[in-house]
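> Please read through the structure below; I'll follow up with questions.
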Amino acid sequence: MADLQKHAWLPSIVLLVVLMYLRPLEVAADDVVALTPDTFEEEVGQERGALVEFYAPWCGHCKKLAPEYEKLGAAFSSKPVLIAKVDCDEHKSLCSKYDVSGFPTLKWFPKGSLEPKVYSGARTMEALSEFVNSESGIQAKSQTVPSDVIVLTPTNFDEIVLDETKHVFVEFYAPWCGHCKNLAPVYEQVATVYKAEKDIVIAKLDADAHKSVAEKYGISGYPTLKFFLKSNKDGVDYEGGHALDDLVTYINKKAGTHRDSKGRLTTDAGIVTSLSTVVEEFFAAKAEERHHVFAKLEEEVSKLEESAAGYGKIYIKILKNVIAKGEEYPRKEYDRLQRILSGAVHPSKIDELTVKRNVLSSFLKQE
């Protein structure tokens, strides 16, 4: 009993230490202010405008918005704007008061007013920041995020867009255009998807500021998207949707690329159907005939151009290894590359390894 009494103070000390370490973390999360019925009118409708997210902890869309909303809070911290949120599961009466029927609901409360305006734009930090700026006249903190979108002007337009070694996708926009603002973060994602493609350029032109260029290409509405093929510099109008998947599918079709919406190569990248057919012939041929089929493969590769020619060299190298090391080579090499790609790979090597793995898959069909 004496030993127990001697150490009875230990739990209190442990709790005190834990609290000392927790308190700084709580302060760091204050860029987005959590409101309750008791604090709402103390914070909202006062001397600063407020953007309030009404959310539910279980809501998938709310979870997806959370990191963007935290970045927004950080961008306006120390600014005379309130970025706040209300847990509608915990504070149902407050959410009912402001007619919240779905999650997340974002509402802008002007300075000195409890009459809100519903936000219905894109749920990205960039789009939300532009909205807060337009409503309050207050700029977010400078965001030093590099852009992969090339900015065009009358000075560089011809040099970039009319370059016959590049496919160029151009957005003609106006800064005041709402649809352009909604497209902006998606267009940035498109540029990021294709930044590893050396012969694809994602660009934009402020058509309001550079009307002469816009008129030359018949731009009459915003945003207008045109694809300038290497072989057609008149520009082909894009008429599809503005979702990331829509834009990526279109560019892949026009440029012959194979990217998914995260910028990764798809499983058909590197596959050349005519060469895969010759590989099938090789494995079906008798031993004494295979050197003729190999020569046929080399001939087919010599006809290819651009990236397809590079893929052809991979076919030849693999088939040489099959001849030298045996028919089990493709399976062993494929499995080795799968293991490498499943781990940590330097970004500069991912495309190269993915293409080789994909080409190897053509050889596995012969198993």
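The values are calculated or read from the model by the stated rules, or taken from the named source; none is laboratory data. All figures in this text were calculated on a predicted structure; none of them were measured in a lab. Every residue, glycine among them, receives a Cβ derived from its backbone with ideal geometry; neighbour counts consider all protein chains shown. Ligands, DNA and RNA are stripped out before the accessible areas are found, and what is left, the full protein with its side chains, is counted by its heavy atoms. Shrake-Rupley method; radii C 1.70, N 1.55, O 1.52, S 1.80 Å.
> Read through the list (1) open to solvent by less than 50 Å² (accessible area, probe 1.4 Å); (2) at pLDDT 95 or above; (3) farther than 19 Å from residue 141 by Cβ, then give the number of the only condition that residue 66 fails.
Here residue 66 clears every test but (2).
> Can I ask one more? Just to be sure before I move on: is residue 296 in contact with a helix residue (DSSP H, G or I) (Cβ under 6 Å, 6 or more places away or on another chain), open to solvent by 40 Å² or more (accessible area, probe 1.4 Å) and in a helix (DSSP H, G or I) in the structure I sent?
yes
> Now a separate question. Can you spot a residue in segment 340-347 that is hydroxyl-bearing (Ser, Thr, Tyr), surrounded by 14 or more Cβ atoms within 10 Å (Cβ to Cβ) and under 30 Å from residue 194 (Cβ atoms)?
Within segment 340-347, none of the residues are hydroxyl-bearing (Ser, Thr, Tyr), surrounded by 14 or more Cβ atoms within 10 Å (Cβ to Cβ) and under 30 Å from residue 194 (Cβ atoms).
> Suppose we filter 39, 105, 124 for residues that are without any contact (Cβ under 8 Å) to a residue 12 or more places away in the chain, of a type outside the set (D, E, K, R) and at negative phi; which single one remains?
Matching residue, one of 39, 105, 124: 39.
> Determine which member of the set 81, 151 is surrounded by fewer than 18 Cβ atoms within 10 Å (Cβ to Cβ) and of a type in the set (Val, Ile, Thr).
Just a single option satisfies the conditions, and that option is 151.
> Something else: What is the number of the single condition among (1) touching a helix residue (DSSP H, G or I) at 6+ places or on another chain (Cβ under 8 Å); (2) more than 15 Å from residue 278 (Cβ to Cβ); (3) open to solvent by 60 Å² or more (accessible area, probe 1.4 Å) that residue 329 does not meet?
Single failed check for residue 329: (3).
> How do the pairs read when you match residues in segment 307-324 that are under 12 Å from residue 355 (Cβ atoms) and assigned to a helix (DSSP H, G or I) with residues anywhere that are open to solvent by less than 30 Å² (accessible area, probe 1.4 Å) and of a type in the set (Phe, Trp, Tyr), using Cβ under 7 Å and keeping only pairs 6 or more apart or on different chains?
318/363
> Starting from segment 59-70, take each residue that is among the acidic types (Asp, Glu) and list its partners that are open to solvent by 40 Å² or more (accessible area, probe 1.4 Å), counting only C-beta distances under 8 angstrom and pairs at least six apart or across chains.
68/123; 70/31
> Please report, ordered by residue number, the strands (runs of 3 or more DSSP E) entirely within segment 185-246 with at least 1 residues that are without any contact (Cβ under 8 Å) to a residue 12 or more places away in the chain.
232-237
> Out of the residues in segment 193-207 that are buried (at least 18 other Cβ atoms within 10 Å of the Cβ) and touching a Gly at 6+ places or on another chain (Cβ under 9 Å), state the one that is nearest to residue 127 (Cα to Cα).
If we take residues in segment 193-207 being buried (at least 18 other Cβ atoms within 10 Å of the Cβ) and touching a Gly at 6+ places or on another chain (Cβ under 9 Å), then 193 is nearest to residue 127 (Cα to Cα).
> Could you pull out every one of the strands (runs of 3 or more DSSP E) wholly within segment 61-170 that has 2 or more residues that are β-branched (Val, Ile, Thr)?
81-87, 150-152
> Another question about this same structure. How do the pairs read when you match residues in segment 257-280 that are without any contact (Cβ under 8 Å) to a residue 40 or more places away in the chain and on the phi > 0 side of the Ramachandran plot with residues anywhere that are assigned to a loop (DSSP other than H, G, I, E, B) and surrounded by 15 or more Cβ atoms within 10 Å (Cβ to Cβ), using Cβ under 8 Å and keeping only pairs 6 or more apart or on different chains?
none
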